[in-house]
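Participant: Here it is, the structure, as structure tokens.
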Amino acid sequence: MAEIISGESHRPGRIEVVCGSMFSGKTEELIRRLRRAQFAKQRVEIFKPAIDVRYSEEDVVSHDQKHIQSTPIESSASILLLTSNIDVVGIDEAQFFDDGLVEVCNELAYRGVRVIIAGLDMDFKGIPFGPMPALCAIADDVTKVHAICVKCGNLAYVSHRTVQNDKRVLLGETQEYEPLCRECYQKALQEEKVKG
């Protein structure tokens, strides 16, 4: 393959993870990296979970409305079926995929594919979310991005759910979630206990 942007003369596979809370710019960073790969004439394929239809049924869309064409899929196994002769694979909202995503990403990287993954590292209770902890563990590079706490302006730690619903997966936006730092998150939990 022709020389890659970094000056390498071969194509080493790698796994890059972009993680953080909601409103931290994960999808925006994913789109930025994928657009650079497309500009470099690399063959790019992008996937998102079929359940994520917040902004578009097909495209990956960031909160600030940047978007890129993608393929919605139900299962991580579909990725291997749809990625022959691909240089770069992008995966958004990885926390919603099954645990098989870890093996899929490893296999792609061993084939020489650059895999770029974006997802929430924790759910609304501050618990590591889906396959994200394992993906961070096997990644060649992990970028943790931060939103700003809406209460105090410090770096956010977690996506706090502002509506009463205990389902782990609840698709939402600013009406259902707010980014909070660790201290403000603890205060919010105390206030909820008092109201509860």
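The values are calculated or read from the model by the stated rules, or taken from the named source; none is laboratory data. Model, not experiment: these values are computed from the prediction. Positions of Cβ are backbone-derived with ideal geometry, glycine not excepted, and every protein chain shown enters the neighbour counts. All accessible areas refer to the heavy atoms of the entire protein, side chains included, with ligands and DNA or RNA removed. Shrake-Rupley method; radii C 1.70, N 1.55, O 1.52, S 1.80 Å.
Participant: Would you tally the residues in the range 108-135 being within 21 Å of PRO179 (Cα to Cα) and open to solvent by 40 Å² or more (accessible area, probe 1.4 Å)?
Facilitator: Number of matching residues: 4.
Participant: Those residues that are over 14 Å from the mean Cα position of the chain (by Cα) and over 23 Å from GLN69 (Cβ atoms), I need them from the range 80-108; list them, please.
Facilitator: Result: ASP99, GLY100, GLU103, ASN106, GLU107.
Participant: Would you be able to tell me the number of residues in the range 15-40 that are open to solvent by 10 Å² or more (accessible area, probe 1.4 Å), assigned to a helix (DSSP H, G or I) and either among the aromatic types (Phe, Trp, Tyr) or in contact with a Gly (Cβ under 8 Å, 6 or more places away or on another chain) (or both)?
Facilitator: Matching residues across the range 15-40 total 3.
Participant: If you don't mind, another one. So which pairs qualify, if the first residue must be in the range 97-121 and in contact (Cβ under 8 Å) with a residue 40 or more places away in the chain and in a helix (DSSP H, G or I), the second must be among the basic types (Lys, Arg) and surrounded by fewer than 24 Cβ atoms within 10 Å (Cβ to Cβ), the Cβ gap must be under 7 Å, and the two must be at least 6 apart or on different chains?
Facilitator: That search, which allows pairs on different chains as well, returns ALA109/ARG14.
Participant: Further question: For the range 122-139, which residues satisfy the criterion of being outside any loop (DSSP other than H, G, I, E, B) and hydrophobic (A, V, I, L, M, F, W, C)? Give the derivation first.
Facilitator: Quick first cut of the range 122-139, residues outside any loop (DSSP other than H, G, I, E, B) only: 122, 128, 132-138.
Within the range 122-139, MET122, MET132, ALA134, LEU135, CYS136, ALA137, ILE138 qualify.
Participant: Any idea which of VAL142, VAL89 is open to solvent by less than 10 Å² (accessible area, probe 1.4 Å) and not in a loop (DSSP other than H, G, I, E, B)?
Facilitator: When all the criteria are applied, what remains is VAL89.
Participant: Across the range 146-156, what is the number of residues that are within 18 Å of the chain's Cα centre (by Cα) and open to solvent by 60 Å² or more (accessible area, probe 1.4 Å)?
Facilitator: Count: 2.
Participant: Here's a check for you: in the range 56-86, which residue that is in a helix (DSSP H, G or I) and either open to solvent by 10 Å² or more (accessible area, probe 1.4 Å) or among the small types (Gly, Ala, Ser) (or both) is modelled with the lowest pLDDT?
Facilitator: Checked the range 56-86; the qualifying residue modelled with the lowest pLDDT is LEU81.
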